Structure formats: structure tokens, C-alpha cells
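To keep things clear, I will list the structure first and then write my remarks on it.
The values are calculated or read from the model by the stated rules, or taken from the named source; none is laboratory data. Here the structure is a predicted model, which is why all the values come from computation and not from measurement. As a convention, Cβ positions derive from the backbone with ideal geometry for all residues, glycine included, and neighbour counts pool all protein chains shown.
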Amino acid sequence: MYCGIDLGSRQVKIVFFRQGKTVDKYKFDTVEFYKKYGHKEGNRLVVDFSALGLPVPDLERGGDRLVTTGYGRNTIRIQGGEEIPEIKAHALGAAWQTGLENFTLLDLGGQDTKVVMVRNGKLADFQTNDKCAAGSGRYLENMAAVLGISLGELSAFRENPVDLAATCAIFGESELVGKIIEGYPIEELGAGVNYAIYKRIKPMLLQLASPVLVFTGGVAYNKALKEILSEELGLEVIVPEYPQHNGAIGCCVHAGLLAEH
């Protein structure tokens, strides 16, 4: 059994690969995960898999493997696990989920954005943006809250977008409130929010372009943004079966590669 853990800024994603490559996937609030299900021993975090209601990897005698990645990877090491870089984990996960060897990966998470170019199954180049929440899932959450709608409702809007020019998440909220006061309908405001995300990530996507874009992370569930990316960039956009667990899946793929050698 292989266990992959993606220590995200908002959620911790855990995936188990079993015989036959079946995928068992779970996610937990990050703060709750660290407060309730882990304790420090020296410089390592010991995860209480039993308290989480998950299988306990037998890392000493059972041949199980544990690989971790994600937010906090460089400061929090999990006991018994091997750490790999986020970019590597996400590239491996996307290749495994899609079966592709040549693509550009867009991972839009809670607080950062990663764009990765993969060629012949190997990492060729990448860019990240973790300096501002304006191009992340947190921005969408905040703007949906201002509009008084759910993220699911927001993901339906892409027609007649209101122009939102602010490049800062905080100023963006103020700008959106101003547009509400001007009387624009919710549908056009929501479309404007989705297009605002697109405009912020567009430069990275153009620099690392491919005919096929694999879209992962929690924001990949935003159907409007997927359509905007496809239409504006003229690309085939693929959202794999488990977009939010892609990094953890990549950890399991790495564990499998280790076992083969």
C-alpha cells in the first residue's frame, strides 16, 4: 500500500494506492488536522491515522510507503515519510491521471497557483505565484461571499463579464462592492470574477503554453473558468477525475516508482 499526503494551505489531502491501483481519497481541514491528528516528536510530525479513521501504513515490516508534499513540506516532516517537491508531485499526478506525456499543468489551489510544462513525461519548466491571493481559490471564496452566493453558483457565470481591474484581492473586493452599487446583475458580476482569475494567470499560461492544459486543484471544479480557459486560449482543457487530490496522487506514483527500483 502506498500513502500520499498533500499538506495544503487550506486542506490536507490523503490518498492510498492499493493493489490494482484503486484510489482511496480523503481530505481534512488543515488547522484541524494539525491540532487533532498530529503531534511532534523531535523534528517530525507523527500522524494518528487511526484517529483519522484511516488505514495505518506499516512502514517497517509491511512494505508500505509514505510520501508527502505540499504547503509546509519544508518545515513539517511526517515521521516515516519521504518528502518531494510540490511541482514534482503535481506533475506526476497529472501524468498518471491523464496518461499524457506532453501537456501544461495548471494547479489552482487555495492560496497559490502553479503552472508546469511537461514534455516527454518530464518536468521542463514551471512558474508559481504564492505572493498574492488574487489568483487563487481564496479570491473566489471571498468574492462569492461578497456576492452572497456559493462557489457552485459562481462557477456557472461567464457571459457578459463586468470588467474588474484591481490586481489585489483586498482592493478587488472593494471594486466588486462598487460594481454592485452601480446595479450590475449577479450573473455579470460573477462572470467578471471568473474572468479576473483568468486574466491573472494568463501570462504564466502563455509563457508555458501547450495544446493541452490539465487543470487541477480545487478551482478546477469551476466550470466557467474551464470554459474561459478553453475559449480564450484555444486549448483542450482536461480536468482529471480527482483534481483536488492530484498532488497526493503524485506522491503515491512516486512511491510506486521507488518500489520498482
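So in the range 23-45, with the set limited to residues that are in a strand (DSSP E or B) and modelled with pLDDT of 90 or more, which one is farthest from the chain's Cα centre (by Cα)? Among residues in the range 23-45 that are in a strand (DSSP E or B) and modelled with pLDDT of 90 or more, the one farthest from the chain's Cα centre (by Cα) is Asp24.
Pick out the one residue from Leu189, Leu154, Leu176 that is of a type outside the set (D, E, K, R), farther than 27 Å from Ala95 by Cα, crowded, with 18+ Cβ neighbours inside 10 Å and in contact with a Gly (Cβ under 6 Å, 6 or more places away or on another chain).
On the way: Leu189 fails: in contact with a Gly (Cβ under 6 Å, 6 or more places away or on another chain); Leu176 fails: in contact with a Gly (Cβ under 6 Å, 6 or more places away or on another chain).
Leu154 is the lone residue from the list that is of a type outside the set (D, E, K, R), farther than 27 Å from Ala95 by Cα, crowded, with 18+ Cβ neighbours inside 10 Å and in contact with a Gly (Cβ under 6 Å, 6 or more places away or on another chain).
Residue by residue, here is whether (1) farther than 18 Å from Ala91 by Cα; (2) without any contact (Cβ under 8 Å) to a residue 60 or more places away in the chain; (3) crowded, with 18+ Cβ neighbours inside 10 Å holds:
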| position | (1), (2), (3) |
| --- | --- |
| Ala224 | yes, no, yes |
| Leu229 | yes, no, yes |
| Glu236 | no, yes, no |
| Pro243 | no, yes, yes |
| Gly247 | no, no, yes |
| Gly250 | no, no, yes |
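Do the conditions hold for Ala144, that is, is it modelled with pLDDT under 80 and either assigned to a helix (DSSP H, G or I) or over 30 Å from Leu235 (Cβ atoms) (or both)? So Ala144 fails the test. Scanning the range 166-190 for residues that are in contact with a helix residue (DSSP H, G or I) (Cβ under 7 Å, 6 or more places away or on another chain) and among the small types (Gly, Ala, Ser), we see that the one that is modelled with the highest pLDDT is Gly190. For the range 100-131, filtered to residues that are among the acidic types (Asp, Glu) and more than 16 Å from the chain's Cα centre (by Cα), the residue that is nearest to Gly70 (Cα to Cα) is Asp125. May I ask you to verify whether Leu208 is under 19 Å from the mean Cα position of the chain (by Cα) and either among the hydrophobic types (A, V, I, L, M, F, W, C) or within 18 Å of Val115 (Cβ to Cβ) (or both)? Yes; evaluated as a whole, the condition is true for this residue.
Every residue, every condition in (1) crowded, with 17+ Cβ neighbours inside 10 Å; (2) in a helix (DSSP H, G or I); (3) at pLDDT 90 or above, yes or no:
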position	(1), (2), (3)
Lys114	yes, no, yes
Tyr195	yes, yes, yes
Lys202	no, yes, yes
Ser210	yes, no, yes
Leu213	yes, no, yes
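The selection criterion, being touching a residue at least 24 places away in the same chain (Cβ under 8 Å), of a type in the set (A, V, I, L, M, F, W, C) and over 30 Å from Lys122 (Cα atoms), does not hold for Leu66.
For Thr22, the conditions (1) touching a helix residue (DSSP H, G or I) at 6+ places or on another chain (Cβ under 6 Å); (2) more than 14 Å from Thr68 (Cα to Cα) are fulfilled apart from (1).
Candidates Gly81, Gly8, Gly70, Gly4: the one that is crowded, with 22+ Cβ neighbours inside 10 Å, modelled with pLDDT under 90 and closer than 12 Å to Ala255 by Cβ is Gly81.
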